[in-house]
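Report on the following structure.
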Amino acid sequence: MKYSQLSNYLLVLLLSIFLWNCASEIPALKSPESSKKDILTFKFLDFSPAVDGDIDTAARTVKLRVPVATKVTALVPTITLSASAKATPASLIPQNFTVPVTYIVTAADCTKRAYAVSVDVARTTDPEIIGIETLSIKTTESFFVYGKNFTRATPLFYLTSKLTGKIYNLNTVAGTLKATEAKVQVPFDVPVGLYSISVNVAGRVFKYRTLDLKVTGTGKELIINRMTKLSYIRGDNLIITGNNIKATKIQIRFVPQIASSTQTKDALLNTAGTEISYKIETTFPVPNRWSVTVLLDGVAYALPDLITITAR
């Protein structure tokens with residue numbers, strides 16, 4: 001090999017080594033660390049069925065209800081979190097839930113979020129939803145909710161959207177409430193989708209966890225929904241909304257909550273069958289709070305809310 005050829009060969013070899021060394025010093029590109037720090041599930045698996053927590057990420061709370069007479073001083077939670085996140089205290093570590101316990105969830109990027117986890121022990125008198133009549137329904141249609149202790153207090157049944165979390169009150173059909181069952185009607189403004197069912201008694205919420213209800217479309221049953229507001233003065237228009245309302249004679253019955261006489265007034269129905277209206281007369285007895293019942297050709301539909309009527 002000639003000297004010039006050897007020099008060229010050595011030059012190429014040195015250049016290759018240099019480029020290889022430079023390439024090895026280029027840092028690997030890294031994806032940003034995740035900032036997700038959600039509690040996805042929080043459960044007590046020692047019960048049958050397991051107790052699932054109701055997680056409110058916006059409020060940063062987790063609420064659980066355990067069976068009657070449960071000791072809460074050493075409950076063991078099973079927790080799942082956002083990918084790469086960690087919780088303190090950790091999953092499977094026994095905790096005393098006599099008072100709410102604060103859980104700190106740390107994301108991969110080291111940002112943190114605190115959750116208050118509280119445990120409520122069920123009472124023997126608590127209402128409980130045991131079953132539902134159907135798994136699929138249309139708006140304005142009715143179905144039975146089965147359970148126990150429904151009549152120990154006035155229950156409010158409602159749907160919660162599995163997609164948006166929005167809550168819709170169900171109308172309890174007049175005369176159907178018993179200790180073990182209640183017939184409820186789906187409001188006409190509930191969107192198509194999947195919903196969980198709950199009952200609320202005096203601020204204590206009891207969720208039915210076994211099955212969800214699917215709302216599939218708009219039904220054709222008559223429904224009386226509720227009043228557009230709950231406080232009026234003489235001369236105001238009292239408006240009651242609904243859907244598929246049909247009747248020849250429409251009346252509103254006002255029953256006083258303090259000493260006064262029951263008032264039954266003629267009302268008007270719009271052509272769409274969606275609105276009942278009554279202009280409160282200047283001679284209407286005031287002030288008072290009233291329960292309200294709609295009479296459609298003599299058939300009564302009680303509304304759940306009380307209204308107040310006062311003078312100007």
task = Go through segment 208-243 and give me each residue that's under 30 Å from G53 (Cα atoms) and crowded, with 17+ Cβ neighbours inside 10 Å.
result = Y208, L213, V215
ask   = Residues of segment 218-235 being within 18 Å of I250 (Cα to Cα) and of a type in the set (A, V, I, L, M), which ones?
value = L222, I223, I224, M227
note = Scanning segment 165-183 for residues that are over 17 Å from the mean Cα position of the chain (by Cα), in a strand (DSSP E or B) and among the β-branched types (V, I, T) gives T172
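Residues are listed down the side, and each one gets a yes or a no for (1) outside any strand (DSSP E or B); (2) more than 26 Å from T293 (Cα to Cα):
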{"site": "A108", "(1), (2)": "yes, yes"}
{"site": "A116", "(1), (2)": "no, yes"}
{"site": "D126", "(1), (2)": "yes, yes"}
{"site": "G131", "(1), (2)": "no, yes"}
{"site": "Y146", "(1), (2)": "no, no"}
{"site": "T151", "(1), (2)": "yes, no"}
{"site": "T154", "(1), (2)": "yes, no"}
{"site": "L163", "(1), (2)": "yes, yes"}
key: Conditions (1) outside the structural domain of K214 (by TED's automatic domain parsing); (2) surrounded by 12 or more Cβ atoms within 10 Å (Cβ to Cβ); (3) over 30 Å from E33 (Cα atoms): number failed by A87   = (3)
task = Given the conditions (1) hydroxyl-bearing (S, T, Y); (2) out of contact with any Leu (no Cβ under 9 Å at 6 or more places or on another chain); (3) part of a strand (DSSP E or B), report the number of the one that T73 does not fulfil.
result = (3)
ask   = In this structure, is V119 surrounded by fewer than 19 Cβ atoms within 10 Å (Cβ to Cβ) and either within 20 Å of the chain's Cα centre (by Cα) or modelled with pLDDT of 95 or more (or both)?
value = no
task = Scan segment 194-207 residue by residue and report those that are within 16 Å of N169 (Cβ to Cβ) and either among the polar types (S, T, N, Q) or in contact with a Ser or Thr (Cβ under 9 Å, 6 or more places away or on another chain) (or both).
result = Y195, S196, I197, S198, N200, V201, A202, V205, F206, K207
request  = With the condition kept exactly as written, say whether any residue in segment 263-282 is surrounded by 14 or more Cβ atoms within 10 Å (Cβ to Cβ), modelled with pLDDT under 95 and outside any strand (DSSP E or B).
outcome  = yes
query = Which condition breaks for T271 when tested against (1) under 32 Å from the mean Cα position of the chain (by Cα); (2) of a type in the set (S, T, N, Q); (3) under 30 Å from G219 (Cβ atoms)?
reply = (1)
inquiry  = Regarding segment 244-266, can at least one residue be identified that is under 33 Å from the mean Cα position of the chain (by Cα), of a type in the set (F, W, Y) and in the same structural domain as I132 (by TED's automatic domain parsing)?
reply    = no
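The values are calculated or read from the model by the stated rules, or taken from the named source; none is laboratory data. Owing to the predicted nature of the structure, the values given are computational and were not obtained by experimental measurement. As a convention, Cβ positions derive from the backbone with ideal geometry for all residues, glycine included, and neighbour counts pool all protein chains shown.
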